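The values are calculated or read from the model by the stated rules, or taken from the named source; none is laboratory data. What you see is a predicted model; the values in this text were computed from it and never measured. So basically every Cβ, Gly included, is an ideal-geometry build from the backbone, and we count neighbours across all protein chains shown. The area values use the complete protein model at the heavy-atom level, side chains included, leaving out ligands, DNA and RNA. Shrake-Rupley method; radii C 1.70, N 1.55, O 1.52, S 1.80 Å.
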Amino acid sequence: MLLALVKMSRPVNIVIAMVTLVIGYYLLSFMPIQQGGISWSSLVLQTLGFAFAIAFANIQNDIWDLDSDRLNRPERPLVRGTISVKTAQCAWIIFLVLTIACGIADSIVSGTNWTAAIFFVLLSLLLVTYNKFLKHIPLLKNMAVALLCVTPLILCFFYPAGISETENFTMEPADKIGFLYPAMLFAFLLTTAREIYKDLEDESGDLKAGIMTFPLIAGAPTARRLAGLICLFSWAILPLPVVQGYYPTLFLIITGAVFTPAIFAILVFAHKRNYRRAQKLVKVAMFAGLVALIVSC
């Protein structure tokens, strides 16, 4: 049962969210290794908050999507009967409470005017809203998932602590945006493309279950072309943060070396209708991009 809950929580997505949060603070020089930076306790509480949030949202999603998963995802624990619906319901409620508790604890420990508490409450509401309503609106649901993927960077932007400031230097909001927007933009675009590929993979099952997705409305070729254009656009704007002076040339060299073959492979697999492989490569490209940010900065 424990293994089933871990699988339902999507541990890979949890790790990506944790890494994204750490990278966001690193880009803003908020890391605990620097004097005045975010404390280790805050960093731990926030990463745990995201882990619990992703776990509760995915478990809740599996419960509410049980009928369609019987057609699209027969390997999932609830479909196979590895875990009961009642147990899964108890689990997501517990994880929801832990999510908000982490935000409250961080606000108390760091004394940041309840920033983290408010953030995790709003994040929880957004996740429930997505599972209940947004996921049934074609294309909007894909962009909603993409927005959720950049929420760790959004928290970094609003967290009022740890700026590497002195009497002669203050990091303005525009500077924060400059350092964070490349990661936010690439994550948003690539996640949107990945979600479209996911809908393409589930097309037959969604049709049988009566779930209307963008590929079913616009047609698979149109959806495939849109996802491909998004991937190509993400690749084309790689030089932008370098030209603007926020990142060194090394960033473009590393991301270009990784993204170019990855994007080409994604388009090839999508053309061959191997959408699951295309999704995995999009995740690889996203993770490689985050690593490139660390190495180059």
Quick one: count up the residues across the stretch 150-178 that are open to solvent by less than 60 Å² (accessible area, probe 1.4 Å), under 22 Å from residue 244 (Cα atoms) and either modelled with pLDDT under 90 or of a type in the set (Ser, Thr, Tyr) (or both). 8
Within the stretch 273-297, track down each residue that is open to solvent by 60 Å² or more (accessible area, probe 1.4 Å), assigned to a helix (DSSP H, G or I) and over 23 Å from residue 181 (Cα atoms). 276, 277, 280
Filter result (touching a Leu at 6+ places or on another chain (Cβ under 9 Å), without any contact (Cβ under 8 Å) to a residue 24 or more places away in the chain and open to solvent by 30 Å² or more (accessible area, probe 1.4 Å)) within the stretch 249-272: 252, 269
Checked the stretch 194-210 for anything of a type in the set (A, V, I, L, M, F, W, C) and either within 15 Å of residue 279 (Cα to Cα) or surrounded by 21 or more Cβ atoms within 10 Å (Cβ to Cβ) (or both); matches are 196, 200
Has the stretch 125-132 got any residue that is touching a residue at least 40 places away in the same chain (Cβ under 8 Å), open to solvent by 20 Å² or more (accessible area, probe 1.4 Å), in a loop (DSSP other than H, G, I, E, B) and over 24 Å from residue 1 (Cβ atoms)? no
The listed residue being over 26 Å from residue 290 (Cα atoms), of a type in the set (Val, Ile, Thr) and in contact (Cβ under 8 Å) with a residue 40 or more places away in the chain, out of 23, 108, 93, 83: 83
